[in-house]
1. Over its Cα atoms, what ratio of radius of gyration to 2.2 N^0.38 Å does region 123-162 give?
2. Measure off 7 Å from each Cα along the Cα-to-Cβ vector at Asp302 and Asp66, then give the distance between these two points in nanometres to one decimal.
3. Under a point spin-label approximation (7 Å from Cα along Cα-to-Cβ), what is the Ser220-Thr125 distance to one decimal in nm?
4. How big is the charge dipole of the chain about its Cα centre, in debye rounded to the nearest 20, if each Lys and Arg gets +1 on its Cβ and each Asp and Glu gets -1 on its Cβ?
5. So what's the angle, to the nearest 10 degrees on a 0 to 90 scale, between helix 282-291 and the longest Cα principal axis of the chain?
6. Along the Cα-to-Cβ line of Lys78, 7 Å from the Cα, sits a label point; which residues in region 223-251 have backbone N less than 17 Å from it?
7. For region 116-219, divide the Cα radius of gyration by the Kirkwood radius and give the resulting Rg/Rh value with two decimals.
8. According to a simple spin-label model (label point 7 Å from Cα along Cα-to-Cβ), what is the distance in nm between Thr154 and Gln231?
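Rule-based calculations on the coordinates, nothing more; no lab input. Quantities reported herein were computed from a predicted structural model and do not represent experimental measurements. Every residue, glycine as well, gets a Cβ built from its backbone with ideal geometry; the counts of neighbours run over all protein chains shown.
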Amino acid sequence: MTLDKKIVSRRQALTGAAAISAAGVAACSQSSSQQTTYAVKKPLVLDYKNPKWNRDAYARLSGNLDSTKEKIGWFKGKAIGVVPGKKNVEICGFEGFSVTRLLQLEDGSWRKLLREVGFYTDLETGEILEELENPYTGEIVKTVPIANDPFNFTIGEFKPQPPSYGGLNTKKPPKIPFLLKWQEKGDTVLLESDIHLFYPSALQPDKWPRESSGPMNRVSEMFRYYIDRDQLGDPDNTSVSFFGSWVRETPWFPWLLMDGAPGHCMYVCDQGAWDHWDFIPQNIIDAAEAIDPKFLSAPTEDYGPSLSSLEWYARQQTPAKPRKM
C-alpha cells in the first residue's frame, strides 16, 4: 500500500474568491463614515525563563500536544568524511524523515515516541544509493539505511538525561532546570540545542575490525531552529512548525569498512518539522515503506530500547569478511 492511499495531502487549491461589486462601492455615500475592523490579537506567551514553558514549547516543536496527531520531521544534506591533515570529502547525500507522537505523563512531562529513517543518496541526482565507492579505499560498499524504531525520550521541566543507547552510556548528570537558548530576532525566534557524548562503542574492534572506529564513540549533535514568533507564542497552538539545521559528528559509518582508520563522519543537513507530509519526497516515502510500512506512522505506545543507528547496526548486521588485497 503506498502512502498516496494512506495519507491525504493537506494542500488544497483555493477554489474561488469573494467578489466585490464595483458598482456598490461607487454608490457608497460620501457622507458615510468609513469603518475599519481590526483583528484582535491574542497576547503572546513567551516565558523563556520558565522551565515548564520551555518543556511545553520544546514539545510543540518536537511533536503535537494532541496525542491523536503526528508530527513529520525532515532532514536533507550531506555525509562528509573528516580525516586529520586532509581535505574533507563529500561522501554522499543523505535524506530522511521521522514520525512523532507525544504522550503526556502524570507529572506533566511529555514522552516523545518516534520512528525515523534516513537514506544515503547520490550527491547530484538525489537517487537512493544501495552501494557506493568508498572515496578513501576505492572499495564498493553496500549502504545500510537508518531505520530506528523507536527513539523515544522524555521532555520535562529538567534537562533530559542523555540517551543510554541500550545501556552503553551510563552517565547521569545532575538535575538542571530545562531552560533553552532562545534568541528573538524580529518576528523570528532562534533556538540552539546541542549534545556532546563519549561512551563505549557497540562495535568493538576485536569483533568488528572492519566496521569499528575504536572502543569509544564520540558523538555530537548540533540543532538549530528558526521559528515564527507568533506561532511559538500562541498558547492555543498545540504544534509549532520550524526550519533549521542539524549537524552530527559521528564515527565512520560502519558500512564504509574503514578498518579502524583515523577520522570520522559528519552529517550536515537542513531540517524542519510540520503536521503534514507535503515536503517529504515520494521516493523517500516509498523507500521507507519498502523497509517496513510501520515507518510511515509514529508509535502509539512506549517501548524500547531506544537505540541510534550505530547500536542498531551492531544488533542487525554481521561483521564483514577481511578485505581482499
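1. Ratio of Cα Rg to 2.2 N^0.38 Å: 1.99.
2. 2.4
3. 3.6
4. For this selection, approximately 700 debye.
5. Between helix and principal axis, roughly 50 degrees.
6. 245-250
7. Ratio of gyration radius to Kirkwood radius: 1.06.
8. 2.9
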